[in-house]
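Undergrad: Pasting a structure below so you can have a look.
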Amino acid sequence: MDRVTDVPENLAPSAVRDRANDYDSFAEAYSAENENSLVNAYYERPAMLALTGDVAGRRILDAGCGSGPLSAALRDRGALVTGIDASAGMLALARRRLGDDVALHVVDLSDRLPFADGAFDDVVASLVLHYLEDWGPTLAELRRVLRPGGRLIASVEHPFVAYTFQDPRPDYFATTSYTFDWTFNGQSVPMRFWRKPIHAMTDAFTTAGFRLSAISEPQPDPAARELFPDDFHDLSTKTCFLFFVVEVPPSATGSDG
């Protein structure tokens with residue numbers, strides 16, 4: 001990642017806003033990178049699967065499923081998976097991967113979800129919440145579609161990483177957006193994420209009615225040591241992503257929102 005720039009939303013040039021995060025324009029390249037990369041295939045996905053545990057028979061919503069690698073892994077472990085993503089291009093790749101085994105829907109996480117209250121046992125949100133300035137409406141919807149006792153397992157960019165991209169560092173306690181050029185598979189694309197302090201993240205979960213169960217900073221899969229000898233040490237000794245498991249209290253009705 002390079003050329004990182006703070007861009008408050010109300011001051012961001014319209015061209016940056018329009019082009020950033022346009023997954024339809026680089027779906028194939030991103031999916032190819034994600035498939036076997038160190039941080040995705042040997043760190044983030046294994047960590048998400050470890051946190052979900054035994055999923056056989058569980059109804060799981062993959063929120064921001066992309067081209068479907070996590071959905072496929074959950075399906076192969078016996079889960080009944082539904083995938084949603086804002087990018088039709090990414091979902092086309094997911095359909096190619098998953099066939100008809102997984103229901104897929106083009107859905108923006110800023111909108112109301114097309115599912116009944118309590119429709120799912122778990123929601124997985126893999127590296128998606130940091131695209132949102134305000135987590136509140138999205139978390140309220142995710143809570144609504146979870147049954148009482150259901151879980152949300154989420155990964156986000158670690159705030160310690162997000163706040164050290166540039167010098168001087170931004171205000172840690174402020175919620176700010178930043179843009180950068182993301183280069184993979186020889187393609188460079190503009191991205192925009194939102195960073196916020198850890199307490200703002202946990203507050204957002206509890207305000208939405210979740211109960212915090214776990215915060216995790218896992219290690220990469222040991223198998224990556226031989227495959228990525230130059231990068232494994234850095235990933236195993238520095239922050240990268242932050243993982244949360246939050247639960248809907250068993251007595252909750254699941255009808256909020």
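Undergrad: Would you be so kind as to identify all helices of the chain, as entire DSSP H runs, whose Cα atoms reach 20 Å or more along the helix's own axis and whose mean Kyte-Doolittle hydropathy is at least 0.5? Mind showing how you got there, number by number?
TA: Values: long enough: none.
Membrane-span-like by this rule: not one helix.
Undergrad: All other residues with a Cβ under 10 Å from the Cβ of Ala63 taken together, and with Lys, Arg as +1 and Asp, Glu as -1, what is their net charge?
TA: Values: positive: none; negative: Asp62, Asp85, Glu141.
Computed value for this residue: -3.
Undergrad: Let me ask something else. Once phi is turned into ³J(HN,Hα) by the Karplus curve 6.51 cos²θ - 1.76 cosθ + 1.60 with θ = phi - 60°, what whole-Hz value does each residue of region 183-193 show in order, with x for glycine and proline?
TA: Computed from phi, the couplings for region 183-193 are 10, 8, 6, x, 10, 10, 9, x, 10, 9, 10 Hz.
Undergrad: Right, next: So between Ser236 and Ala88, what do we pick up on full extension, going 0.36 nm a residue minus the alpha carbon distance? List each step's numbers first, then the result.
TA: Details: separation 148, 0.36 × 148 = 53.28 nm, distance 3.43 nm.
Here the segment from Ser236 to Ala88 would lengthen by 49.9 nm.
Undergrad: Follow-up. Using 0.36 nm per residue of separation minus the Cα-Cα distance, give me the extension gain between Phe160 and Asn185 in nm, one decimal. It would help to have the intermediate numbers written out before the result.
TA: Details: separation 25, 0.36 × 25 = 9.00 nm, distance 2.63 nm.
Computed gain between Phe160 and Asn185 is 6.4 nm.
Undergrad: May I ask what percent, to the nearest 5, of DSSP beta bridges between residues of the chain are antiparallel? Intermediate values should be presented prior to the final figure.
TA: On the way: 24 of 42 bridges.
That works out to approximately 55 percent antiparallel.
Undergrad: How big is the dipole moment of the chain about its Cα centre under a simple scheme where the beta carbon of each Lys and Arg is +1, that of each Asp and Glu is -1, and everything else is neutral? Debye, nearest 20, please. Don't jump to the answer; show the numbers that get you there.
TA: Values: 23 positive and 37 negative charges, 114 e Å.
Computed charge dipole of the chain: roughly 540 debye.
Undergrad: Going by the alpha-carbon gyration tensor, a ≥ b ≥ c the square roots of its eigenvalues, is region 154-248 rounded (a/c under 1.5) or, if a/c is not under 1.5, prolate (a/b greater than b/c) versus oblate?
TA: Values: a/c = 2.02, a/b = 1.23, b/c = 1.64.
Cα axes put region 154-248 in the oblate bin.
Undergrad: Quickly work out the Arg77-to-Thr207 label distance, labels modelled 7 Å from Cα along the C-beta direction, and quote it in nm with one decimal.
TA: Distance between the two pseudo-spin positions: 3.1 nm.
Undergrad: Gaussian network model of the chain, Cα springs within a sub-10 Å range: biggest mean-square fluctuation belongs to which of Pro168, Pro148, Pro137?
TA: Residue with maximal mean-square fluctuation among Pro168, Pro148, Pro137: Pro168.
Bear in mind that the values in this text are calculations on the coordinates, not laboratory data. Here the structure is a predicted model, which means the values were calculated and not measured. Neighbour counts are summed over all protein chains in view; Cβ atoms, including those assigned to glycine, are modelled from backbone coordinates with ideal geometry.
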